[in-house]
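Novice: Just passing along the structure, written as structure tokens.
What follows draws every value from the coordinates through simple rules; no lab data is involved. Just so we're clear, the structure is a prediction, and the values are computed from it rather than from any experiment. Note that each Cβ is placed from the backbone with ideal geometry, even for glycine, and that neighbours are counted across all protein chains shown.
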């Protein structure tokens, strides 16, 4: 009986092996898609063309001219500062227009949310789309000083991100100094933070924002805001020249 | 060929399964094999294409003139003409990244990928960017299955539209595909994923690979993963998953936009080899792996894995 059972197992084992085909050889060759990899595929190209043509005019529209490339970097950079400043100033104007009697204190822009750099020279709508492809909108949340500090801790761990309305010193991945409006942060004071809906919903591990005291959804799409702001500024002041200002700095 | 392409390497597999040396040729029913025949399966794969339909502009700082699906399509056509047994896969994050997405949502991507002949894809985190209704909208245009094993969509509008696994056949090779998605909480806005349930990828992977290899007798089991290649911290990734599997032959990865010269080869839980590959992003690269299957049965039983890559 035992022998019978054993034979049965062996047969099963063999049968289960036999049912598969087996790999004898594997070749690998990951391929870089550049002009050497081939021409543009004419069939797919013919599919894409009508779509491309329909958006090309919009994409090529000039927004502004920048004196320098705007590239994101840490602890701060022209690009992170610019976007954060625009969020803060747009939210401030929004509150005035809506008679909300709110003075936004700070802005936070997640580093990963800025998806491309802006080249020196002509900035087109296409560039802004590449920078901010998401359909995110500006959101205001009222947070405690305690939450503010948690946010600063996170920014310090990450080595810097996009901020406005605050000055943050980082030493060894920790907050070494933090001020807003010329003052230190008080745990019990409430602050208005401007950010995007993704972050306000606790995205990118910013779960400290999950339960704010108050929240205002402005419905203002960030990409539209950037295009509008840069375009107005260019028409008003000419070539845009963004400077870093040491709002986030590394301390030795 | 610039960048990371590498020369064609041909390596013979030496490793056997189940102490295969004890199993002699005579025990195999010969009718299972077409005599004297090898079958080549070419797997081409992409990930994180992010609506990069066109190549990067000539003024782009890093990738001027490179990438794009319109160029990728000609590479696929060329490979398909060389070997009709071609399996074309994508590991997610098709959506978001160029104005094509803002204007035409995911619909255009899935139209084009269907046109290109994709065989299967999976759901990356950016597929959720405009919520479930836009995934639903795009799926109307997909002529290939979306496979996700650890996102449970049953309480959502996507119920029954995303398959937990998919089995297909190319040139007599039976291929089983399952899909793994990344943790949504903290990465995707709650409103955007709604009642989608994220399930722990590891037990799901073990269940799926067994189902595909053992119950469905697939010759090759492929995981489409949007977990990411690897992380410094303790978070599940392709590299942490692979050594715990037993029947998965290849993980086609995504999410971390990792460019690899060649697939990483790791040992699975049974000490056999498993491949992990990823192809950057924006159709800047395509992963290419050729599996040559032995239908002759004149050799010993080989594990579906590689040596000396």
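Novice: How are the Cα pair distances of the range B:219-273 distributed, in percent, across 10 Å bins from 0?
Specialist: Calculated over all Cα pairs of the range B:219-273, the distribution is 24, 58, 18, 0 percent.
Novice: Working from Cα positions, state the angle (0 to 90°, nearest 10) between the long axis of helix A:145-157 and the longest principal axis of chain A.
Specialist: For helix A:145-157, the angle is close to 60 degrees.
Novice: If R0 is 30 Å, what FRET efficiency do you get for residue A:101 and residue A:228 from their C-beta distance, rounded to 0.05?
Specialist: It comes to 0.80.
Novice: Starting with the fewest neighbours, write out B:144, B:95 ranked by other beta-carbon atoms found within 10 Å of each beta-carbon.
Specialist: Exposure proxy ranking, most exposed first: B:144, B:95.
Novice: For chain A, what does the relative contact order come out to in percent, with C-alpha contacts under 8 Å and a separation of six or more?
Specialist: 26 percent.
Novice: With the cut-off at 1.5 for a/c, could you classify chain A from its C-alpha gyration tensor as rounded, prolate or oblate?
Specialist: In terms of gyration-tensor shape, oblate.
Novice: Hey, what number do you get for the protein assembly as shown at 222 nm if only DSSP H runs of n ≥ 4 count, each worth -39500 (n - 2.57), divided across all residues, to the nearest 500?
Specialist: Helices in the protein assembly as shown give a 222 nm mean residue ellipticity of -8000 deg cm²/dmol.
Novice: Which of B:49, B:208 has the fewest other C-beta atoms within 10 Å, and how do the rest follow up to the most?
Specialist: Starting with the residue having the fewest Cβ neighbours, the order is B:208, B:49.
Novice: By counting other Cβ atoms within 10 Å of each Cβ, how are A:224, B:294 ranked from fewest to most?
Specialist: In order of increasing Cβ crowding within 10 Å: A:224, B:294.
Novice: Helix A:2-18: angle to the longest alpha-carbon principal axis of chain A, degrees 0 to 90, nearest 10?
Specialist: Its long axis makes an angle of about 60 degrees.
Novice: Report, as an integer, the average count of C-beta atoms from other chains found within 10 Å of each Cβ along A:197-203.
Specialist: 4
Novice: Still on this model: Calculated FRET efficiency, residue A:183 and residue B:38, Cβ-Cβ r, R0 56 Å, to nearest 0.05?
Specialist: Using R0 = 56 Å, I get an efficiency of 0.15.
Novice: Which number comes out as Rg/Rh for the protein assembly as shown once both Rg and the Kirkwood Rh are worked out on C-alpha atoms?
Specialist: Value, to two decimals: 1.03.
Novice: May I ask you to derive the relative contact order of the range A:154-232, considering only C-alpha pairs under 8 Å and at least 6 residues apart, and to give it as an integer percent?
Specialist: Taking the mean separation of contacting Cα pairs over the length of the range A:154-232, I get 14 percent.
Novice: For labels at residue A:243 and residue A:68 in the simple 7 Å Cα→Cβ model, what's the distance in nm?
Specialist: Once both label points are built, they end up 1.0 nm from each other.
Novice: Angle between the Cα long axis of helix A:78-97 and the longest principal axis of chain A, 0 to 90 degrees, nearest 10?
Specialist: 60
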